[in-house]
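Below you'll find the structure, written out as structure tokens, and then a few comments.
The values are calculated or read from the model by the stated rules, or taken from the named source; none is laboratory data. All figures in this text were calculated on a predicted structure; none of them were measured in a lab. For neighbour counting, all protein chains shown are included, and Cβ atoms are generated from backbone atoms with ideal geometry for every residue, glycine included.
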Amino acid sequence: MAKTRYTGYPKIHVAVDCVIFTYDDGQLKVLLYPRNIEPRKGDWSLMGGFVGDRESLEDAARRVLEQTVGLRDIFMEQVSAFSQPDREPDERVISTAFYALIRNDIHNSELVEAHRGEWFPITELPPLIFDHSKMIAMALQRLQNKASHELIGRELLPRKFTLTQLNNLYNAVFQHTFDPGNFRKKIASLNVLLQTPDKDTGSSKKGAYLYVFPHDYEPKDFCRIVKV
């Protein structure tokens, strides 16, 4: 191989790590795996990998997500680069973390099981390798910032959902209980949801109306702009 102008500079590995969030059973959860290589083999880790020669960071993250949960066209956002020289003990590795949001009912659970992955509540995380705890903390902060400026239910809730389900999702993301009445007023002021004629009768006789995001509107829903 011919010499390049960069000869003499240190070689640094470039990697991505994916913080994969879902919402299940009233809790925000993150997907973790037992690491399958040394160092720290068997310890809990985020799913990640090295960036290929012809991949961008985003391409590598999408590949990891597809290999991990069987999904590609999902919400994903870059969190930060992690570049401390001693973040890994054997090699110099710079990793860029991404966070992704997936619905619990549409990912490939068989792939997750094949990698021995487990979903952990964000409030009950085990000890993690390297700086992965910091990655998750920063990803959660980024998710909270997103949720403060726009509704995030579309990425984490079923296509049709009640306002109570949306309220509970926000409680889980912020780890704070929002007053249901004030939350409903805030959502109504945004005018970003569509109300369907369908109701969820599981929680009460009267039932609660189901809502959808405009992108998920289907003519059969006969939706109207939400008024609460």
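Of the conditions (1) assigned to a loop (DSSP other than H, G, I, E, B); (2) surrounded by fewer than 17 Cβ atoms within 10 Å (Cβ to Cβ); (3) in contact (Cβ under 8 Å) with a residue 12 or more places away in the chain, THR164 satisfies every one except a single condition; which number is it?
(1)
Go through region 140-158 and count every residue that is in contact with a strand residue (DSSP E or B) (Cβ under 6 Å, 6 or more places away or on another chain) and either surrounded by fewer than 17 Cβ atoms within 10 Å (Cβ to Cβ) or at pLDDT 95 or above (or both).
Summing the residues that are in contact with a strand residue (DSSP E or B) (Cβ under 6 Å, 6 or more places away or on another chain) and either surrounded by fewer than 17 Cβ atoms within 10 Å (Cβ to Cβ) or at pLDDT 95 or above (or both) in region 140-158 gives 2.
Determine whether GLY48 is at pLDDT 95 or above, buried (at least 16 other Cβ atoms within 10 Å of the Cβ) and within 14 Å of VAL14 (Cα to Cα).
Yes; evaluated as a whole, the condition is true for this residue.
Go through (1) among the hydrophobic types (A, V, I, L, M, F, W, C); (2) in contact with an Asp or Glu (Cβ under 6 Å, 6 or more places away or on another chain); (3) not assigned by TED's automatic domain parsing to the domain that holds MET47 for ILE129 and report which single condition fails.
(3)
Condition (residue is at positive phi and not charged (D, E, K, R)) applied to region 144-153: is it met by at least one residue?
Scanning region 144-153 turns up no residue that is at positive phi and not charged (D, E, K, R).
Which one of these does ASN171 not meet: (1) in a helix (DSSP H, G or I); (2) modelled with pLDDT under 95?
Among (1) in a helix (DSSP H, G or I); (2) modelled with pLDDT under 95, the lone unmet condition for ASN171 is (2).
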